[in-house]
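Chemist: This structure is in structure tokens; I'll ask about it shortly.
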Amino acid sequence: MVKKMRKKVMTAIALLPILALPVFAVSNQNFTSSNFLTSSAEAVQLRDGKTYFVQLPLFLGAETTINRIYSWNATYYFAIALPQNMGEPLQKLEISQTEGFDKVDFYSNETIAYLQSPSGDRVTISSKTEILPRQDSDRPKITITFDPPIPASNELNSKLVVGLRPVRNPRYDGVYLFGVTAFPQGDRPNSQFLGYGRLSFYDLRY
């Protein structure tokens, strides 16, 4: 009797990892792990309609062309390394200020977006920028939507660079953090937080 109970318990434990895995809806019934990770992979979609990345873009960092406080004509650049196969095209980015003594406002019609190859060549990307309010803060979120979306396959090993134009630099010096979130293409995209861009501004009068 004890042996039978142990056998049932061990069988139940062995099934737990299988039961915990999500169920995917794919059009190819005979897909394998080898063709699942190629650039021609089918769209990755959960049964409830959510899309998500197979391999996440990697946030490389942020920099500003001018780091003096209250200066005009600066551009804040955010660089993102794209994996060889994201599984889903990159539809949009959201960038939100999360730290800093002053709120930074941005122009919605002066965003720069391009793909840069290892050789330095650049290909401009068409995009639309919206500045939307946030429920948890008086600092808005900047949404950059790519049209068309950036392809899931990155055979040229390019990185994505997005440049935002602030109305002017913050009035107070210090460290300012900007959170970066990526969204795959789809009606119900599963967003992925990529990291924080850290920009430092200085009062050069002292």
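Values quoted throughout were computed directly from the atomic coordinates according to the rules given, and no laboratory measurement underlies them. Note that the structure is predicted; figures quoted are calculated from it, not measured. Positions of Cβ are generated from backbone atoms using ideal geometry, with glycine treated the same way; all protein chains shown enter the neighbour counts.
Chemist: Excluding residues on the same chain fewer than 8 positions from Lys50, give the aspartates and glutamates whose Cα lies under 16 Å from its Cα.
Modeler: Those aspartates and glutamates meeting the cut-off are Glu42, Glu88, Asp187.
Chemist: Further question: Loop only by DSSP, 11 or fewer other Cβ within 10 Å of the Cβ. Give me the chymotrypsin sites (Phe, Trp or Tyr not before Pro) in segment 52-129 that pass, ordered by residue number. Display every interim value, and only then the final one.
Modeler: Numbers: sites: Tyr52, Phe53, Phe59, Tyr70, Trp72, Tyr76, Tyr77, Phe78, Phe101, Phe106, Tyr107, Tyr114; in loops: Tyr52, Phe53, Tyr70, Trp72, Phe101, Tyr107.
Sparse-neighbourhood loop chymotrypsin sites (Phe, Trp or Tyr not before Pro): Trp72.
Chemist: Could you work out how far apart the two model spin labels at Glu110 and Val167 are, taking each label as a point 7 Å from the Cα in the direction of the beta carbon, and quote it in nm?
Modeler: 1.2 nm
Chemist: Further, regarding this structure: Of all GluC sites (Glu not before Pro) in segment 81-144, which ones are in loop regions per DSSP and have a Cβ with at most 16 other Cβ atoms within 10 Å? Spell out each step's value before the answer.
Modeler: Numbers: sites: Glu94, Glu99, Glu110, Glu130; in loops: Glu110.
The qualifying sites are Glu110.
Chemist: Residues in segment 156-187 near a label at Leu58, defined as backbone nitrogen under 15 Å from the 7 Å Cα→Cβ point?
Modeler: 157-160
Chemist: Hey, another quick one. Please name which of Gln91, Phe183, Tyr70 has its Cα lying farthest along the dipole of segment 54-201 towards the positive end, using unit charges on Cβ (Lys, Arg +1; Asp, Glu -1) and the Cα centre as origin.
Modeler: Tyr70
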